[in-house]
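All of the numbers you see were taken from the coordinates with simple rules; none came from a lab. All values derive from a computational prediction rather than experimental measurement. Here Cβ is always computed from backbone atoms with ideal geometry, including for glycine, and neighbour counts include all displayed protein chains.
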Amino acid sequence: QVKEKGKGHFRFYRSDMKDAFPNYILMEAHLRKAIEMNEFVMHYQPQVNLKTGKIKTFEALLRWQNRKFGNVPPSQFIPLAEETGLIIPIGEWVIHSVCSQLADWRNKGYKDIRVAINISPKQFLQTNLPEIIQKALFMNQLPASALEIEITEGAMEDTIAALSMLHRLKKIGIIISVDDFGTGYSSLNYLKRFPIDILKIDQSFVREIQVNEKDAAITKTIIHLAHNLGMEVIAEGVEEEDQVQFLVSAQCQKAQGYYFSRPVSAKEIEQKVLYI
Ligand code: C2E
Ligand code: MG
Ligand code: MG
Ligand code: MG
């Protein structure tokens, strides 16, 4: 699928993208204006420490409310943003939005909070990403330890570029986690070579932890793997009490999911979580 982009430029679209939503050209036009139209907002989902019950970290999840398309789920607009390169300005907006929220929380007395930001593969290959993050930290007077970035295994496929980016981010003091661990390009080699702090067990393993022996075995193995490598581990997509029990007995440190809370606005986080 080829679309003319003026001045003899052509842009290629993956055909599965077009199948996913035929409105994609119109949607791209709206997405292009979403920042200036103030259509983005960050939601935050608590991550619960299973030993202490405390909540000190949140995952930031982007929400897009558009007048034509309504609430568009990230599963639709993030791939479109990646494909069109719009993820670069959008990602920068996310970083600044999260840092300003963190500064606001710190000013209100919640000092030791950390937020995890999702970084898509194209953003991760953006060479000035560390400078963008550093600038946002500086402008909001935040320590680097207040930020965590989540990258997927796919972002690490270009090993040399990924390794150098991770080292630059670690040098600043950013915490690095691997999102959806176990679903992508899973080479144990990168766990050995890359400066990774946290593994996030993908929700597809957690979902049937109670009934599927293989999912249970994989989850336990990832927990052991993380511990043996000196990394932290968190389970995603926890919806049931039974899953919490399983994870506690398997010594998983943290969990995140609808069982504890859906992703909610910063205001709701303040009202329902931070007052504790
Ligand atoms: P992810 O980073 O793996 O985020 C977890 C997704 O699972 C989120 O979906 C979250 O709302 C959802 N979730 C959390 N707990 C549960 C649960 O108990 N059950 C179920 N079924 N789902 C749960 P969401 O917010 O729709 O985001 C989808 C994906 O979009 C994210 O997956 C992430 O890859 C991407 N994304 C979201 N925000 C951003 C962003 O700011 N930047 C980038 N680059 N990607 C983002
Ligand atoms: Mg994530
Ligand atoms: Mg995930
Ligand atoms: Mg994901």
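Report the dimensions of region 195-235 along its three principal axes from the alpha-carbon atoms, largest first, rounded to Å.
33, 16, 10
Using a 10 Å cut-off around each Cβ, can you sort Arg67, Arg114, Arg207 from fewest to most neighbouring Cβ atoms? Intermediate values should be presented prior to the final figure.
Working: Arg67 8, Arg114 15, Arg207 18.
The order, fewest Cβ neighbours first, is Arg67, Arg114, Arg207.
Taking the radius of gyration and the Kirkwood hydrodynamic radius from Cα positions alone, what is the Rg/Rh ratio for the chain, to two decimal places?
On the way: Rg = 19.1 Å, Rh = 19.8 Å.
The Rg/Rh ratio comes out at 0.96.
Based on the Cα atoms of region 55-150, what semi-axes does the equivalent ellipsoid have, where each is the square root of 5 times one gyration tensor eigenvalue, given in whole Å with the largest first?
Semi-axes, largest first: 24, 17, 11 Å.
Would you please give the residues with an amide H less than 5 Å from that of Val233, counting only those at least 5 places away or on a separate chain, with H modeled from the backbone geometry?
Answer set, sorted by chain and number: Leu199, Gln253, Lys254.
Return the lysines within reach of Lys200: Cα separation strictly under 23 angstrom, same-chain partners fewer than 8 residues apart disregarded; answer none if there are no such residues.
Here the lysines satisfying the reach criterion relative to Lys200 are Lys51, Lys54, Lys56, Lys122, Lys170, Lys171, Lys192, Lys214, Lys220, Lys254.
What order do you get for Asp179, Asp112, Asp104 when you list them from fewest to most C-beta neighbours inside 10 Å?
Working: Asp179 23, Asp112 10, Asp104 13.
If I rank by nearby Cβ atoms, fewest first, I get Asp112, Asp104, Asp179.
What share of the DSSP beta bridges in the chain is antiparallel, in percent to the nearest 5? Numbers along the way, then the final one.
Details: 18 of 40 bridges.
Given both bridge residues lie in the chain, the antiparallel proportion sits at roughly 45 percent.
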